[in-house]
Amino acid sequence: MLATPDQDRPELTRKAAAAGKHVLAEKPMAPTIAECDEMIAACEAAGVNLAVVKTERYRKITMKAKALIDDGVIGPIQMMRTVSAFPLPTTRELFDDRPWMFDPAGVACSWGWPRTTPIS
C-alpha cells in the first residue's frame with residue numbers, strides 16, 4: 001500500500017514491482033499521466049498487480065447515480081458538481097510538511113476525479 005505523497009509513488013512502485021510486490025496506490029496514482037504509464041509498465045513487466053484506491057465507487061449514493069445513468073434514466077452528463085463538507089485547517093502553516101497539498105492540480109486530483117470517475 002503506497003499511502004505516500006503523490007510525487008513519491010512512481011519510484012516506490014518501480015521498486016516494489018522489481019521486488020515482486022503487488023502495489024495498491026493511494027489516489028491520485030501519480031502527478032502525471034507519463035508517470036502513471038511508467039508505473040503500469042513496471043508492474044506489467046514484473047508480472048505484479050497495480051491498483052488505485054477508489055473507495056468512492058462503493059458508496060450507496062454513487063452506485064445509485066451510476067445505475068440511473070446506465071439505465072438511461074439520466075441522459076448524457078454535461079457537468080458534475082461535487083460537495084464535500086468536513087473541517088480543514090485554513091492556514092498554510094499547517095501544511096508546511098505537505099507541499100503537495102498546494103500543487104496546482106491538487107484539488108482536481110485529490111477530490112475531483114474520485115467523485116466523478118465512479119459514475120463515468
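Just a few scattered comments:
- Residue list for region 53-66, restricted to those being touching a helix residue (DSSP H, G or I) at 6+ places or on another chain (Cβ under 9 Å) and of a type in the set (A, V, I, L, M, F, W, C): Val53, Met63, Ala65
- If the condition is being at pLDDT 90 or above and exposed (fewer than 12 other Cβ atoms within 10 Å of the Cβ), then region 33-48 contributes Ala34, Ala45, Gly47.
- Residues located in region 10-32, provided they are among the charged types (D, E, K, R) and either in contact with a helix residue (DSSP H, G or I) (Cβ under 6 Å, 6 or more places away or on another chain) or at pLDDT 95 or above (or both): Glu11, Arg14, Lys15, Lys21, Lys27
- Pairs are defined by a Cβ separation below 7 Å, a sequence spacing of at least 6 or placement on different chains, a first member in region 21-38 that is farther than 23 Å from Arg57 by Cβ and in a helix (DSSP H, G or I), and a second member that is at pLDDT 95 or above and not charged (D, E, K, R); the pairs so defined are Glu38/Pro10.
The values are calculated or read from the model by the stated rules, or taken from the named source; none is laboratory data. Predicted model only: the values in this text are computed from it and were never measured. In this analysis, Cβ positions are derived from the backbone assuming ideal geometry, glycine residues included, and neighbour counts consider all displayed protein chains.
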